[in-house]
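Below is one structure, written out as structure tokens; the observations come after it.
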Amino acid sequence: MVPRSASVNEELRRRSRERLLQATVELVGERGYEATTLGDIADRAGTARGLVSYYFPGKRQLLQSAVHRLMYRTLRAALEREPRPTGAEAGRELLARAIDAILGLAQEQPLLMRTHMAGILSNEGFVQCPEQRRLAELLRETVARHGAGDPDVDPERDYPLLRALLMGAVFAVLLPGAPMAAARLRAELFQRYGLDWEMGVPPDGGPPDGTFL
């Protein structure tokens, strides 16, 4: 039997890791965090239980990486959706799509995103991982496109602010017992960044009363 090459082994490891991340998103979204075990995740992914520990130090880190991967893929799909924006308004349209993509995840995957936010606020805090870095770079590029030609926009300074505002909006949408309407939060973010309500994927019913007058 001919030994597998290093590149083939690397691809197999990448696929195993991807399956674990996808299985985590699916199971936590269906059952919740506490009801999902690492064994369940390995079974859903079709991998050995030991591979979970090989790739991730624990379940919390695995979940954060899985959600960051989902956020990255969702954001990238929104930014690359046809028709691709062009011209002077491209940067504004891309930022609108980014805001809608993240708010949309909070509405479509409330259990998963609430669990993710709880993990970030726990003692273990924010996990730096390859998925998070890809997400950060994509958001940073979106900030740069939005501020192209504006000398007052610095992606390294303005990206953390956008990230904080989006996290705050997601938290507000998901707050148990006192959630804020996503449309209201969208309106506030759009006004802050000078975006037209019709950009991105506007929700049905038009802007909330008192906004975009």
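The values are calculated or read from the model by the stated rules, or taken from the named source; none is laboratory data. Small disclaimer: the values here were computed from a predicted structure and weren't measured. With ideal geometry, Cβ positions are generated from the backbone for all residues, glycine too; neighbour counts draw on all protein chains shown.
Let's see how each residue does on (1) among the acidic types (D, E); (2) in contact (Cβ under 8 Å) with a residue 24 or more places away in the chain; (3) over 30 Å from T36 (Cα atoms); (4) touching a helix residue (DSSP H, G or I) at 6+ places or on another chain (Cβ under 9 Å):
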{"position": "I102", "(1), (2), (3), (4)": "no, yes, no, yes"}
{"position": "A106", "(1), (2), (3), (4)": "no, yes, no, yes"}
{"position": "G147", "(1), (2), (3), (4)": "no, yes, yes, yes"}
{"position": "V153", "(1), (2), (3), (4)": "no, no, yes, yes"}
{"position": "A182", "(1), (2), (3), (4)": "no, yes, no, yes"}
{"position": "D196", "(1), (2), (3), (4)": "yes, yes, yes, yes"}
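Residues of region 85-94 that are at pLDDT below 95 and not small (G, A, S): P85, T86, E89.
Based on what the data block shows, is A183 over 17 Å from the mean Cα position of the chain (by Cα), hydrophobic (A, V, I, L, M, F, W, C), in a helix (DSSP H, G or I) and closer than 24 Å to A88 by Cβ? Don't jump to the end; show me each part of the working.
Working: over 17 Å from the mean Cα position of the chain (by Cα): yes; hydrophobic (A, V, I, L, M, F, W, C): yes; in a helix (DSSP H, G or I): yes; closer than 24 Å to A88 by Cβ: no.
Criteria not met by A183.
Being touching a residue at least 40 places away in the same chain (Cβ under 8 Å) and farther than 30 Å from T142 by Cα holds for only one residue in G32, G39, G91, and it is G32.
Here Q107 does not fit the description of being in the same structural domain as P179 (by TED's automatic domain parsing), closer than 20 Å to R17 by Cα and of a type in the set (S, T, N, Q). When the criteria are applied in full, E156 fails the requirement of being of a type in the set (D, E), modelled with pLDDT of 95 or more and closer than 30 Å to R17 by Cβ.
Condition check ((1) buried (at least 20 other Cβ atoms within 10 Å of the Cβ); (2) more than 19 Å from the chain's Cα centre (by Cα)) across all residues:
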residue	(1), (2)
A45	yes, yes
A48	no, yes
Q64	yes, no
M71	yes, no
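The set of residues in region 6-43 being under 25 Å from E108 (Cβ atoms), surrounded by fewer than 12 Cβ atoms within 10 Å (Cβ to Cβ) and of a type in the set (G, A, S) consists of A35 alone. Do we find a residue being over 19 Å from the mean Cα position of the chain (by Cα), basic (K, R) and assigned to a helix (DSSP H, G or I) anywhere in region 187-201? Yes, some residue in region 187-201 is over 19 Å from the mean Cα position of the chain (by Cα), basic (K, R) and assigned to a helix (DSSP H, G or I). In this structure, is Y159 over 30 Å from A45 (Cα atoms), touching a Lys or Arg at 6+ places or on another chain (Cβ under 6 Å), aromatic (F, W, Y) and assigned by TED's automatic domain parsing to the domain that holds R186? Yes; evaluated as a whole, the condition is true for this residue.
Quick one: which of A181, A172, A144 is small (G, A, S), touching a Pro at 6+ places or on another chain (Cβ under 8 Å) and surrounded by fewer than 13 Cβ atoms within 10 Å (Cβ to Cβ)? Steps first, answer last, please.
Working: A172 fails: surrounded by fewer than 13 Cβ atoms within 10 Å (Cβ to Cβ); A144 fails: surrounded by fewer than 13 Cβ atoms within 10 Å (Cβ to Cβ).
Just one listed residue meets the conditions, A181.
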